[in-house]
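I have placed the structure first, in the form of structure tokens, so that the comments after it can refer back to it.
Nothing in this text is a laboratory measurement; each read-out follows from the coordinates by a stated rule. In this text, all values refer to a predicted model and were calculated from it rather than measured experimentally. In this analysis, Cβ positions are derived from the backbone assuming ideal geometry, glycine residues included, and neighbour counts consider all displayed protein chains.
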Amino acid sequence: MSEHYYSNKPQTESKPRQWKFTLLGHVFTFETDAGVFSKSEVDFGSRVLIEAFEMPVVAGDVLDVGCGYGPIGLSIAKSHPERTIRMMDINTRALALATKNAQMNGVQNVHVLESDGLASIGDVKAAAILTNPPIRAGKDTIFRFYEQSYEKLVDQGELWVVIQKKQGAPSTVKHLEEMFSEVDIVEKKKGYWIIRAIK
């Protein structure tokens with residue numbers, strides 16, 4: 001079986017590299033590596049999600065599910081120092097990078113943890129959950145993310161998803177509408193949909 005960026009312990013030879021990227025007006029230095037998602041730049045889908053996201057008014061933490069090396073969670077954390085951002089991924093190499101990137105960029109209001117979806121989050125209740133889901137993991141895995149997210153959100157909490165139309169955005173909307181009280185397509189850009197579901 002070929003290895004994917006959602007493997008727990010990537011066996012790909014490590015080839016770390018650093019580069020700078022501006023998100024929400026902040027210049028970040030990111031270290032990335034082989035075996036993690038979008039190692040050369042912040043991928044377009046994540047950038048559209050970061051720029052579209054609006055913090056809900058309800059109190060609570062923010063979860064970045066499938067955080068990779070950290071661009072979504074770290075940019076939201078830097079812009080919202082009053083919130084705790086919990087960043088999680090199954091890929092241990094990505095988690096080590098996310099922890100290092102938080103330290104390098106002086107972002108202190110984050111917690112990085114290993115988790116398959118939301119399995120390890122415990123009884124935390126979230127105001128918002130953001131995800132750029134691992135499409136190659138398959139629809140069952142992604143729909144499980146959505147169901148776990150519903151359970152972990154406070155009332156009026158929001159799930160934000162970026163997904164390409166051709167990779168299942170319409171079926172994601174349909175599935176979320178079966179659970180959440182309100183589902184909106186906040187933005188469409190170059191085939192990517194930003195979907196917000198409110199509990």
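Each Lys and Arg adds +1 at its Cβ and each Asp and Glu adds -1 at its Cβ; summed about the Cα centre, segment 99-199 shows a dipole of about 600 debye.
Listed by chain and number, the aspartates and glutamates whose alpha-carbon sits under 12 Å from that of residue 152, ignoring those within fewer than 8 places in the same chain, are 61, 123.
Could you give the length gained on full extension between residue 22 and residue 154, defined as 0.36 nm per residue of separation minus the Cα-Cα distance, in nm?
Values: separation 132, 0.36 × 132 = 47.52 nm, distance 3.10 nm.
Residue separation times 0.36 nm, minus the Cα-Cα distance, leaves 44.4 nm.
Note on residue 14 and residue 164: their simple-model spin labels are 3.1 nm apart, each label 7 Å out from Cα toward Cβ. For segment 158-199, the calculated P(r), taken from all Cα-Cα distances in 10 Å bins from zero up to the bin holding the longest distance, is 34, 57, 9 percent.
Figure legend: label point modelled 7 angstrom from the Cα of residue 178 along Cα→Cβ; residues of segment 127-151 with amide N under 20 Å from it are 133-151. For the chain, the dipole from Cβ point charges (+1 on Lys and Arg, -1 on Asp and Glu) about the Cα centre works out to 640 debye, to the nearest 20. Over the chain, DSSP H runs of length four or greater, each weighted -39,500 (n - 2.57), average out per residue to a 222 nm ellipticity of -8000 deg cm²/dmol.
Taking Cα centre as origin and charging only the Cβ of basic (Lys, Arg, +1) and acidic (Asp, Glu, -1) residues, the dipole magnitude of segment 148-187 rounds to 320 debye. Semi-axes of the equivalent ellipsoid for segment 46-92, computed as √(5λ) from the eigenvalues of its C-alpha gyration tensor and ordered from largest down, come to 18, 13, 9 Å.
Not counting the cut sites, what is the longest span of the chain without GluC sites (Glu not before Pro) that DSSP labels loop and that have at most 14 other Cβ atoms within 10 Å? Of all site-free stretches, the longest is 83-177. Name the residue from 175, 29, 160 whose Cα lies farthest towards the positive end of the charge dipole of the chain, charges +1 on Cβ of Lys and Arg and -1 on Cβ of Asp and Glu. Of the options given, the answer is 29. Computed over the alpha carbons of the chain, Rg followed by Dmax gives 15.5, 45 Å. Amide H of residue 67 versus every other amide H placed in the peptide plane: which residues, excluding those fewer than 5 positions away on the same chain, fall under 5 Å? Those lying under 5 Å, H to H, from residue 67 are 88, 89. Listed by chain and number, the lysines whose alpha-carbon sits under 27 Å from that of residue 20, ignoring those within fewer than 8 places in the same chain, are 9, 39, 78, 100, 188, 189, 190. Taking the three principal axes of the alpha carbon atoms in segment 49-150, the coordinate ranges are 36, 32, 27 Å, sorted in descending order.
A full extension of the chain between residue 120 and residue 147 corresponds to an added length of 8.2 nm, given 0.36 nm per residue minus the alpha carbon distance.
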